[in-house]
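Scroll down for the structure; my scribbles are underneath it.
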Amino acid sequence: MQSEFDENSAAETNPESLTPNSVPAEVATGDAPPTAAEAQAGPAELGNAVSGETAPTAAEAEPGVLAANAGQPDDSANAGGTAKPTKAPKPAKPAKPAKAAKPVKEPKAARPARAPRPAKERATSGVGSGAAGRSAARTGLRIATSVVVLALGAATVGAAAVLSLPTVASGVPSVLVTPAASDQTRACPGPYVGPADPGAASSDNAAPSLVSLGTPTVIGGIAPSSTQFTIGSLSTPDAATGPSHPLTLTAPGANGTLLGGSQSQQITQSDLVGLSSSECSEASADSWIAAGSTVTGRSAYLVLSNPTSVLSTVSLAIFDETGVVNAPGTSGITVQPHSQRALSLAGFAPSVVSPVIHVTAAGGTVLASLQQSVIRGLTPGGIDVAGPTGAPALTQTIAGVQIISTSAIAEQAADPASSDLPAALRVYVPGAAGATLTVTLKSETLGVADVTASYSAAGGVVTDFPFPSLTDDSYSVIVSSDQPVVVGARSAVVSGGTDFAWYQSSRAIGGTFMFVTATGPNPRLQLVNTTNTDAAVTVTPTTGDTTPITFTVAANSAAGQPVAANTPYTVVTSAPLTASVGYLGDGLISAFSVSPASPLAAPITIYGGTGE
């Protein structure tokens, strides 16, 4: 669908440690010299004394001699233990009286004392009869248990390594959700603005200081053609009501829907003459403008369009040939929903030769553009509208800079008022470090060799570099830098009148995209292929004669294709291309870059709770 609009359009386990309780008893208590009783005691009695138990008495050792020994002190009591209760004596047998008269056997203690056995012997002789034996047995048991547990652990690990064990998974509930696509919206910069007639200004101090000049031609397009788009308008509190308002184009955000638009405006007035053109683009929270001037005879208005339903708060960072421009009023600029602000750049940065503006927006997003006009002496020197250029990067690509009237421009450039006529590359290097640039210019004419130039750009300032000597042609400009840079380009025409154009860098677009031409002389699609693969291109009008145009853009080359005015086109390419649309005629020149659409919202996975 195609539409042209005027003012009426709307939009493990470890063994136990050996503690004092687990080592042999003699180790835990120490090997003190034996007492006299201990020296007379037998091995079992000594073992018991060491372990803290009471040694058995002689009667206990020999139950038949209990009566003979009754009343004698028990030597074992000196061993520190408590005597065990004695057993009741058995009655003596009358048939054997001599047996009771037998002398009591000498206790073992009467034997000559022997040197105490080593601790190890005593411990051995006492096993099973005292605590030392029990302790040693426990220790051995613990060690054996630890060894068994370790062996079992090692066997388990080994088995796990070789066995294929079942996997038990507990999945978290989830659901794949595809968000509803929001509408696509493109904002157009709107009509040219200029100072209001002082004589017609209202006495109200809040009266607009600007007025809209003329009516641009706006063309919109959508694919597939069965889809409709709507037209809206923006209010202009800084400009008095003119014949038209800035327009917006809105379409469903469905996957596969392409929306595009552009505007152009030719003005012929006593002090304004020329052609301006621009793309109707998506609004952004961060954009850069590399164009304009505020020196004598140059007027520039920064236009901020908010097509959203949210208030936008805008901040400006302005840089020029000397560095940062410090100016009041560059922060907290409010742009109401569905409205447009137009601000004089000279009010922030007067007498600036080479401005670069960084626009950031909070809340609603904005489309930033710069309207510029030139008067050289008393002669109008052209108009143009510059859109956003690429953010700082090491490589920037500008498609289709039109170089024309080089000889005539060289003659006129001797006049200081015309010093900005020759084609130039504007470069801003953010930060203090300087940049070394390699600039390659690729002609759209087959067989013409590339032209390469090198430049050094100081950090933190803006520099305009003149292009090298070129023949008349359209050139795509590729800038390679060792520091991120922001770039723009300018060219002019002086045959049949004077006009100029600003060019912006843009990202390459692959697959399928849309561009729209508006009213202007000799519209041309200009493409540059910076890849190492040829690009097979098909360009198809979506209205009128829909016969497709097919051609190839060779690897690392540029190409141009004439197209019709006021027509939406779809482009299918096998390799990413950087694109622009240019107009060129007698005394008229203008161009705008083709920007890629923002990606639609991708499906997301939502995970449910476990209920705990």
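Just to confirm a number: summing +1 for Lys and Arg and -1 for Asp and Glu over residues other than Ser480 whose beta-carbon lies under 15 angstrom from that of Ser480, what do you get? Intermediate values should be presented prior to the final figure.
On the way: positive: Lys442; negative: Asp450, Asp482.
Around Ser480, the surrounding residues sum to -1.
Using a/c under 1.5 as the rounded threshold, could you call the range 506-612 rounded, prolate or oblate? The axes a ≥ b ≥ c are square roots of the C-alpha gyration tensor eigenvalues, and prolate needs a/b larger than b/c, oblate otherwise. Don't jump to the answer; show the numbers that get you there.
On the way: a/c = 2.47, a/b = 1.98, b/c = 1.25.
Prolate shape, in that a/c is at least 1.5 and a/b is the bigger ratio.
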- Note on the structure: Taking a ≥ b ≥ c as the square roots of the eigenvalues of the Cα gyration tensor, with a/c under 1.5 meaning rounded and otherwise prolate when a/b exceeds b/c and oblate if not, the range 402-537 is oblate
- Query: In whole Å, how far is the Cα centre of the range 207-252 from that of the range 368-398?
  - Reply: 21
- How far apart, in nm, are two points set 7 Å out from the Cα along the Cα-to-Cβ line at Ala449 and at Ala317? 4.1
- Task: Choose one of Gly292, Gly377, Ala346: the residue whose Cα lies farthest towards the positive end of the charge dipole of the range 245-378 (beta-carbon charges +1 Lys, Arg; -1 Asp, Glu; about the Cα centre).
- Result: Gly377
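Just so you know, all these numbers are worked out from the coordinates, no wet-lab data involved. None of these values were measured; they are calculated from a predicted model. So basically every Cβ, Gly included, is an ideal-geometry build from the backbone, and we count neighbours across all protein chains shown.
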